[in-house]
1. Let me know the mean shielding of A:163-174 by other chains, meaning the per-residue number of their Cβ atoms within 10 Å of its Cβ.
2. Roughly to the nearest percent, how much of the accessible area of the protein assembly as shown is carbon and sulfur, given a 1.4 Å probe?
3. How many square angstrom of accessible surface are buried between A and B, both sides summed, with a 1.4 Å probe and rounding to 100?
4. Using 1/(1 + (r/R0)^6) with R0 = 35 angstrom and r between the beta carbons of A:Gln53 and A:Leu209, what's the FRET efficiency to the nearest 0.05?
5. Check B:Arg241: other-chain or 5+ apart residues with amide H under 5 Å from its amide H, H built from backbone geometry?
6. So, R0 is 60 Å and r is the distance between the beta-carbons of A:Val129 and B:Glu261; what FRET efficiency does that work out to, to 0.05?
7. So what are the ³J(HN,Hα) numbers for the stretch B:179-192, from phi and the Karplus equation (6.51, -1.76, 1.60; θ = phi - 60°), rounded to whole Hz, Gly and Pro as x?
8. If packing is taken as the mean number of other Cβ atoms within 10 Å per residue, what is the order of A:139-152, A:16-29, highest first?
Amino acid sequence: MRFRGKLVDITCIQHFTRVVTTISKLIKTCVLRITPTALYLILSEKVVNGGVQIWCELPQGHFFDEYAMEGVSAEENEIYLELAPENLVKALKTAQTAKWVKVKLTKKHAPCITIEVDLPTLGAHSRVVVHDIPVSVVPRRLWTEYQEPEVPNFDVSIVMPQIKVLKNVIEKMKNLSNTLLLSANHQGEFKVSVETDMVSVSTHFQDLLNPASGNGGAPQQLNPSMDPEEFAEILLTTKWCISI
Amino acid sequence: MPMALSTQEAADDDQFVLLAKIDNARSVSNILKAIHFKETATVFASAMGLKVTVEDAKCIQANAFIQEGIFQEFTIKEEQITFKINLTVLLECLTIFGSGAVSGACTSLKMCYRGYGCPLILMLEEDGVLTDCSIKTLEPDEVLDFNFCSTNVVNKIIMKSECLKEAFNELDMTSDILEFLMSPDAPYFRLSTFGNAGSTTSDFPKDSDMMESFQCSQTQTNRYKVSLLKPSVKALALSSRVSIRTDNRGFLSLQYMIKNEDGQVCFVEYYCAPDEDLDEPDH
């Protein structure tokens, strides 16, 4: 198994860091899946109710200037590693002004993802910081647990409004109730609301995009019995919303 | 147009007994934050505007006045409307789009109340995003009448809030009481605390630049519980001027003049009963 990637563009480095930071806030360990075309950060919680699944796909072309990998075998040209994303974040934090960042699969006394960061200096010679992040290799027989989750037939698909506004509103709502109701319809409307004995608050976003479904059909075709004005609803705990 | 709660409410606007609209919700929320030291408040609405009262321990009362002229529209169909409400919840709703003042972003507010037993309805809008709130109102309790009238005022000082802010921010919280000395003679106006590390005094001479008006006829020393007065720091922080008055019973009235973002003036007042529990400490 081999993997070597190099990020050079500072915006790519910063973007990559932000993505991994977001993941690290949600979970303690995840699986890093390396394929010829992309990196994936995956969490698959086998919980019946209220479990979290994370599937994050990072097309390598968006981030890496150089990218080369060799999977466990020719037929199964992929690598699955288990690691703590927080360790990745700590390493990447040193790279925010780097000239380049190399990410490699190495074997120190144990398998590691090694992050090499070339930092700018005032003088002539370079300054390289090396981080070794211990990982464990996920054996092939367990790979089926980390397949792309199937998106169930959904009633409504809608693009979120400005996250900053949504975040402010949800922050306030979490002070009022532990459960949050999210509703959306096919007319680009999205509502966030809480309701208790004391108070009910509902924030209403309009003119949002309802993207067409993956198979190219119009959203209404997924659930033809649904009135476009009607809202599909879901109840969430506010604690979960805040971490997003 | 979606049939949101707001549209429904607009159709029923005729049923309200109180309707108030303001372009900048912060003109209301900032003033209310200055009296937010207990969870519930009593709201009194009249043709003059809103008065919101918070009390504690039967010794301290804070009133925030938002006069009708502050609102873009203020209509009331009864002489006086009173209800009790959870002030913490009200403030969360008023600041639903965020607590900080973001330049350029303005939240407009419409408040409606249909009468006894009905919830207080708030409709807030910022940048095309609408929030509807419905807050339960509660049976109002009797509020204290501190019976503070100007004829009984013994000492009165009006000063710029600036220097008082420093003194109040550094109040020694290990002291149970804050002592107010007001006198026609030196030291004129003195605040003292008696804490674990010792006593501290802050003197404000009558001819200081900070003094706008000094009318003290009698030397008075009164003590008030620090814990009761500490919340008034919020009002002081927002204010530009403060009036300090004591009456013949030693009751304290602090009145704060607060300018909102549009330059309009609102008042917040605190009344505090003197502390009678402690014996005179040696000092």
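1. If you average over the peptide's residues, the count of other-chain Cβ atoms is 4.
2. 49 percent
3. Answer for the A-B pair: about 1700 Å² buried.
4. Numbers: r = 24 Å, r/R0 = 0.69.
The formula returns an efficiency of 0.90 here.
5. The answer is B:Ser161, B:Met257.
6. Working: r = 48 Å, r/R0 = 0.79.
It comes out at approximately 0.80.
7. 9, 10, 10, 10, 7, x, 10, 4, x, 6, 9, 9, 9, 9
8. A:16-29, A:139-152
The values are calculated or read from the model by the stated rules, or taken from the named source; none is laboratory data. Everything numeric in this text was worked out from a predicted model, so none of it was measured. Neighbour counts run over all protein chains shown; Cβ positions are idealised from the backbone, glycine included. Calculation scope for accessible area: heavy atoms of the full protein, side chains included, ligands and nucleic acids excluded. Shrake-Rupley method; radii C 1.70, N 1.55, O 1.52, S 1.80 Å.
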